[in-house]
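Undergrad: One structure follows; several queries about it will come next.
Read-outs throughout are calculated quantities, based only on the coordinates presented, and are distinct from any laboratory measurement. Because the structure is a prediction, the values reported are computed rather than measured. A quick note on method: Cβ atoms are made from the backbone with ideal geometry, for glycine too, and the neighbour counts reach across all protein chains shown.
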Amino acid sequence: MLRFLSGGESHGKCLVGIIEGLPSNLEIDINKINKELSRRQKGYGRGGRMKIEKDKVEILSGIRGGKTIGSPVSLLIKNRDWENWKEVMSIIDNIDNDKKVNSPRPGHGDLAGAVKYNQTDIRNILERASARETAMRVAIGSIAKQLLKKFDIYIYSHVLEIGNVRINARKVSIEQLQKIDESPLRVIDKETENKIIKKIDEAKKQGDTLGGIFELIAVNVPIGLGSHVNWDRKLDGIIAQAIMSIQGIKGVEIGLGFESSRTLGSQVHDEIYYNGQYYRKTNNAGGIEAGITNGNNIVVRAAMKPIPTLSRPLDSVDMITKQNTKAQKERSDVCAVPSASIVGENVLAWVLAKEFVNKFGGDSIEEMLSNYKRYIQYVDKR
Ligand SMILES: Cc1cc2nc3c(=O)[nH]c(=O)nc-3n(C[C@H](O)[C@H](O)[C@H](O)COP(=O)(O)O)c2cc1C
Ligand SMILES: C=C(O[C@@H]1CC(C(=O)O)=C[C@@H](OP(=O)(O)O)[C@H]1O)C(=O)O
């Protein structure tokens, strides 16, 4: 079984992660992890923090001579901003109320978290709720990507919409997706990109924020990952949970998603043909039927709400005095949809890698590859 845990506060010393269950002898390229970390930090609309951080991973265990050895892989990413927060982060008890965060921000876990964990300083909640945590999830997911590459599986993403401005082209080619990092918004269409940039600038000027939609596409996924037999093994459900867990994500669709509910069955379901292999002419299912991959690309879309911290803050209540006030003002992003799409890629990679380890077992990568090869030979005969 493949699993991970991570820890670390946004303005604490560092983020840490431990992965257990990776097959041995898998080559891990640290540059590829760092490349994913740098992709996550980019994107038009991000705030001052991204100028401070230059995320780099340190590998502390589980890898020798560039290869996994079967033991837990431990990772560390330092928060450069910690130097500026040392004092604030070292205050533990009995601080003055005026040094605490007292006014919960609507859209954040501030109010519910402070009540649930019986905290008088909201900072004790917001530090871990922060999307800073996604840096470690991306480092971990990028190792999953390196595992999937062994099986020729790749995951791409692009942004479809920001602030209700939609990208023109619905159909994108893999070649376009491979070049998408050249765009500051990770969109395929330059004209719309300029419109969105203006929209982000405008929102910033108004002290406001924006959300949007991104799409993930996993290619070359074999038939038969996931299962129909119980709710918690259905791959569409597992993917939806994982993507929904990314900070700010409020909707997840697979394939046609919500649109399928508005369309006739004859127009939705992907008809089946055979030419030595089963194939479909359409992929409205987004590569998953009954919780099982059907051999087509997995297509997932996620909707991100606007960033909740506004520089023109919303109404709130001071949790100490109970007086009406304005929400806590923090340095913040205006729009982080392009970054979220990179998080999405790596989160999806993790889910698929986990399914691979489940299905093809393998204490070593050699064992996994040979199990996979045998399975593909079997599939080709069906
Ligand atoms: C890459 C990324 C960057 C984010 N940056 C910010 C930010 O600067 N300010 C903020 O208030 N929220 C930001 N968020 C969103 C919040 O973390 C998120 O809305 C909050 O934790 C509440 O969780 P929920 O929206 O999932 O309910 C970001 C999310 C992501 C994925
Ligand atoms: C630190 C990251 O994103 C942060 C996510 C975030 C939030 O509330 O989610 C708030 C901001 O943090 P800060 O208040 O330090 O500027 C973002 O910068 C990151 O992506 O690495």
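Undergrad: Given the -39500 (n - 2.57) contribution per DSSP H run of 4+ residues, what per-residue ellipticity at 222 nm results for the chain, rounded to the nearest 500 deg cm²/dmol? Spell out each step's value before the answer.
TA: Numbers: 12 runs with 131 residues, N = 382.
It comes out at -10500 deg cm²/dmol, rounded to the nearest 500.
Undergrad: Considering only Ile196, Asn275, Thr134, whose Cα is most displaced toward the positive end of the charge dipole of the chain, charges sitting on Cβ of Lys, Arg (+1) and Asp, Glu (-1)?
TA: Ile196
Undergrad: Separate question: Between Gly362, Ser260, Gly248, whose Cα lies farthest towards the positive end of the dipole of the stretch 3-381 when Lys and Arg beta carbons carry +1 and Asp and Glu beta carbons carry -1, centred on the Cα centre?
TA: Gly248
Undergrad: Separate question: Note down the relative contact order for the chain as a percent, whole number, built from C-alpha pairs under 8 angstrom at least six residues apart. Write out the running numbers ahead of the final one.
TA: On the way: 756 pairs, mean separation 89.4, N = 382.
Computed value for the chain: 23 percent relative contact order.
Undergrad: Which GluC sites (Glu not before Pro) in the stretch 224-292 sit in a loop by DSSP (not H, G, I, E or B) and have at most 10 other Cβ atoms within 10 Å of their own Cβ? Kindly include the intermediate steps, with their values, before the conclusion.
TA: Working: sites: Glu253, Glu259, Glu271, Glu289; in loops: Glu271.
Filter output for the stretch 224-292: Glu271.
Undergrad: Treat every Asp and Glu Cβ in the stretch 1-47 as -1 and every Lys and Arg Cβ as +1, leave all other atoms uncharged, and give the resulting dipole magnitude about the Cα centre to the nearest 20 debye. Let's see the in-between values first.
TA: Numbers: 8 positive and 5 negative charges, 65 e Å.
Dipole magnitude for the stretch 1-47 comes out near 320 debye.
Undergrad: Right, something else. Looking at this model, which pairs from Lys150/Lys354; Lys195/Lys329; Lys42/Lys354; Lys35/Lys250 are more than 19 angstrom apart at the alpha-carbon?
TA: Numbers: Lys150/Lys354 14 Å; Lys195/Lys329 28 Å; Lys42/Lys354 27 Å; Lys35/Lys250 27 Å.
Over 19 Å Cα-Cα: Lys195/Lys329; Lys42/Lys354; Lys35/Lys250.
Undergrad: A further question on this structure: How big is the dipole moment of the stretch 3-381 about its Cα centre under a simple scheme where the beta carbon of each Lys and Arg is +1, that of each Asp and Glu is -1, and everything else is neutral? Debye, nearest 20, please.
TA: Computed charge dipole of the stretch 3-381: roughly 460 debye.
Undergrad: Give the residue list of trypsin sites (Lys or Arg not before Pro) in the stretch 1-52 that are DSSP loop and have at most 16 other beta-carbon atoms within 10 angstrom.
TA: Values: sites: Arg3, Lys13, Lys32, Lys35, Arg39, Arg40, Lys42, Arg46, Arg49, Lys51; in loops: Lys13, Lys42, Arg46.
The qualifying sites are Lys13, Lys42.
Undergrad: Counting other Cβ atoms within 10 Å, keep those with at most 14, restrict to DSSP loop, and tell me which trypsin sites (Lys or Arg not before Pro) in the stretch 147-253 are left.
TA: Details: sites: Lys149, Lys150, Arg166, Arg170, Lys171, Lys179, Arg186, Lys190, Lys195, Lys198, Lys199, Lys204, Lys205, Arg233, Lys234, Lys250; in loops: Lys150, Arg170, Lys171, Lys179, Arg186, Lys234.
Of the trypsin sites (Lys or Arg not before Pro), the ones in loops of the stretch 147-253 whose Cβ has at most 14 other Cβ atoms within 10 Å are Arg170, Lys171, Lys179.
Undergrad: Let me ask another. If each residue of separation counts as 0.36 nm, what is the full-extension length gain between Lys171 and Ser74 once their alpha-carbon separation is subtracted? Don't skip to the answer; put the middle values down first.
TA: Numbers: separation 97, 0.36 × 97 = 34.92 nm, distance 3.93 nm.
Going from the current span to full extension adds 31.0 nm.
Undergrad: Next question, about the same structure. In a shell of Cβ-Cβ distance under 15 Å around Asn230, excluding Asn230 itself, what net charge do Lys and Arg (+1) and Asp and Glu (-1) give? Walk me through the numbers before you get to the answer.
TA: Working: positive: Arg233, Lys234; negative: Asp232, Asp236, Glu355.
For residues surrounding Asn230, the net value is -1.
Undergrad: Could you give the size of the charge dipole of the stretch 1-131 about its Cα centre, using +1 on the Cβ of each K and R and -1 on the Cβ of each D and E, expressed in debye and rounded to the nearest 20? Let's see the in-between values first.
TA: Values: 23 positive and 17 negative charges, 113 e Å.
Magnitude of the dipole: close to 540 debye.
Undergrad: Rank-order 82-88, 326-332 by packing density, defined as the average count of other C-beta atoms within 10 Å over each peptide's residues, highest first. Intermediate values should be presented prior to the final figure.
TA: On the way: 82-88: 12.4, 326-332: 16.4.
Those peptides, ordered most packed to least, come out 326-332, 82-88.
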